[in-house]
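Remarks on the structure that follows.
Each value in this text was obtained by applying a stated rule to the coordinates, not by laboratory testing. Because the structure is a prediction, the values reported are computed rather than measured. A quick note on method: Cβ atoms are made from the backbone with ideal geometry, for glycine too, and the neighbour counts reach across all protein chains shown.
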Amino acid sequence: MHKNINTKLRFISYHCGESKLKNRLGVVIKQSSISAFFTYLGAGIGFVNTIVLFPLFLSTEQIGLLRVIPSTAFLITSFAQLGIGQALLKFAPELKKKPEGLAQLITFCVIIVLLGFLIASGLLYVFETPIKAYFSTNSELLSDYFLVVTVLILILSLHNLFETYGRLFLKTIAQNIIKEIVLRLMLSISVALYYLQLITFHQLVYSLILMYGLMLLMLIGYIFGMGELKFSTKLDLINKPLLKRIGMYSMFVMIGTGSTNIVLNIDQVMISSALGLSANGIYSTVFYFAVMIELSRRVIAQITTPLVSDSLENEDWPAIEKIYKQTSINQMVVGGLFFIGLICNLDNIFALMANGDEFRAGRYVVYFIGLSKVMEMAFANSSAIISMSSYYKFNVITIAILAILMIGLNLILIPAYGISGAAFASFAALFIFSLMKMIFIKIKFGFSPFTWKNGSLLLIGCVVLILGLNVPTLDNSLLDLIIRSSAIGLVYCTAIYLFKISAEINGGLQHLLKKRKG
């Protein structure tokens with residue numbers, strides 16, 4: 001009898017826990033879906049800034065400076081944080097069970113961030129002369145704004161910490177609005193004020209401090225408004241054993257996030273040094289074209305990552321494999337369509353841009369970066385699977401290898417091939433990185449993201465790309481872009497549907513057709 005009661009209790013406990021988990025996943029998916037709307041809206045504002053406002057109102061050198069300053073700050077921020085942001089995320093569930101646990105943890109993390117900033121700014125001050133010398137030949141203007149970079153490091157370090165803290169409460173929508181929309185609108189307004197000669201370019205550069213500072217204050221104000229921001233004057237819960245665990249974890253995180261930020265920002269820094277701010281202005285502008293390809297990946301990742309985490313917790317390997325393959329084919333479908341549309345309309349985009357002829361030098365940047373984005377989408381959520389498993393340290397190793405590859409290839413290819421060389425360096429390094437992760441998952445878990453459908457989709461994409469490039473060109477660039485894009489979309493989507501490449505896409509289309517008939 002007692003055995004039966006215990007069995008029933010375990011059954012009830014398990015299903016209550018499962019119900020809570022499903023509710024939590026439901027909140028995550030709902031938040032992710034709403035956040036996706038604001039992510040795309042923010043990307044649209046960013047696209048207008050990059051393609052319309054900046055080329056119209058600024059020189060390529062000015063664009064390059066406005067881009068490389070935040071990139072340099074982001075590059076240093078990941079090291080200045082000392083990895084404490086992710087440590088907050090990891091140890092919060094443990095400490096929030098105790099009175100004042102969360103308050104003590106966030107207080108401790110703020111102290112660590114401030115300490116990290118002091119170390120980083122101290123090193124920048126010590127090495128200021130050689131750093132300025134590195135940029136003096138081709139990007140001397142950057143050296144004049146050393147203070148802006150330093151202040152941004154502090155602002156971004158605190159912002160990343162409080163952004164992570166906000167995620168503990170599953171409230172990401174307001175954070176996305178502030179980061180994706182408000183910040184970009186402030187940048188649009190500042191550039192417009194410069195164009196109207198209401199501020200000087202010097203003031204425009206310094207306004208970056210104001211913009212990012214307001215972003216930080218709005219984020220802190222939002223968390224405070226939720227009633228979740230509390231600090232403590234005591235740190236007795238952060239004892240030596242816990243401090244040791246936090247320190248060890250933070251060290252791995254710092255290496256991982258530092259390497260990631262090297263990958264994301266080192267090309268702009270090295271281009272500015274080797275080729276000048278004008279070259280970086282062209283590179284960063286056309287780079288944004290290709291970044292638009294992977295927007296869907298960020299949205300899908302927000303939804304699939306909690307599902308992967310849940311499946312790993314329950315050791316549901318068939319579910320993980322299914323998510324892995326579904327993510328691969330669906331991301332490849334979306335990424336492939338955007339890539340083909342972009343490549344086939346590249347001349348139209350340049351023709352519609354202000355000073356478009358100046359940006360045509362970045363044509364091969366679009367090719368290589370665009371291809372690298374589609375490739376990353378095809379390799380699916382390998383990083384999430386590895387980082388949430390017991391093999392999470394492998395991610396740190398591969399990212400560090402990727403960072404070394406990026407720096408090495410850029411050192412070789414930028415002097416030889418300019419900004420096209422930097423783009424190819426990114427493609428080659430990311431291919432090796434993605435392949436390493438896929439092989440690791442295959443060895444450890446026994447599955448890969450690819451099926452015969454990926455090969456069929458690749459063939460369809462090549463055929464549609466060739467057809468799109470050979471559509472007769474119209475004199476009106478805007479009209480040509482609309483007609484060419486429509487033709488590419490129609491042929492591509494029809495082929496995807498007829499060859500049943502994606503069960504999810506076909507199912508969604510059939511559902512819509514049934515609703516229309518009904």
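Observations
- Each of the peptides 433-441, 337-345 was scored by the mean count of other Cβ atoms within 10 Å over its residues; in descending order, highest first, they stand as 337-345, 433-441.
- Over region 301-451, relative contact order from alpha-carbon pairs under 8 Å, at least 6 apart, %: 30
- Percent breakdown of C-alpha pair distances by 10 Å bin, ordered from the shortest bin, for region 275-518: 7, 26, 32, 24, 10, 1, 0
- Of (1) 24.4, 85; (2) 22.6, 72; (3) 24.7, 79, the label for Rg and Dmax of the Cα atoms in Å derived from the coordinates: (1)
- For peptides 158-167, 472-481, 281-290, 91-100, sequence by mean Cβ density within 10 Å, most packed first: 281-290, 158-167, 91-100, 472-481
- Formal net charge of residues neighbouring residue 140 (Cβ-Cβ distance under 15 Å; K, R +1; D, E -1): -2
- Against the empirical curve 2.2 N^0.38 Å, the C-alpha radius of gyration of region 233-343 lands at a ratio of 1.55.
- This model, with +1 at the C-beta of Lys and Arg and -1 at the C-beta of Asp and Glu, gives the chain a dipole about its Cα centre of some 2300 debye.
- For residue 232, the residues 5 or more places off, or on other chains, whose built amide H falls under 5 Å of its own are 107.
- Charge sum, other residues only, whose C-beta stays under 13 Å from residue 220's C-beta, Lys/Arg counted +1 and Asp/Glu -1: -1
- Cα-based shape type of region 406-504, given that a ≥ b ≥ c are square roots of the gyration tensor eigenvalues and the cut on a/c is 1.5: oblate
- Dividing the mean sequence gap of close Cα pairs (under 8 Å, 6+ apart) by how many residues region 62-118 holds gives a relative contact order of 43 percent.
- Unit charges at the beta carbon, dipole of the chain: most positive-side option, 115, 46, 231: 231
- About its Cα centre, the dipole of region 275-518 is roughly 600 debye, where the only charges are +1 on Lys and Arg Cβ and -1 on Asp and Glu Cβ.
- Since only 205, 175, 136 are under comparison, the one whose Cα sits farthest along the positive direction of the charge dipole of region 115-221, derived from C-beta charges on Lys, Arg, Asp and Glu, is 175.
- Sequence-distant residues sharing a close amide H with residue 199 (under 5 Å, placed H): 194
- Stretch gain in nm, segment residue 206-residue 193, where the contour uses 0.36 nm per residue and the Cα spacing is subtracted: 3.3 nm
- Electrostatic bookkeeping for residue 378 treats Lys and Arg as +1 and Asp and Glu as -1; over the other residues with beta carbon under 12 Å from its beta carbon, the sum is +2.
- Whole-Hz ³J(HN,Hα) from phi, Karplus 6.51 cos²θ - 1.76 cosθ + 1.60, for region 374-380, glycine and proline x: 4, 4, 4, 5, 5, 6, 6
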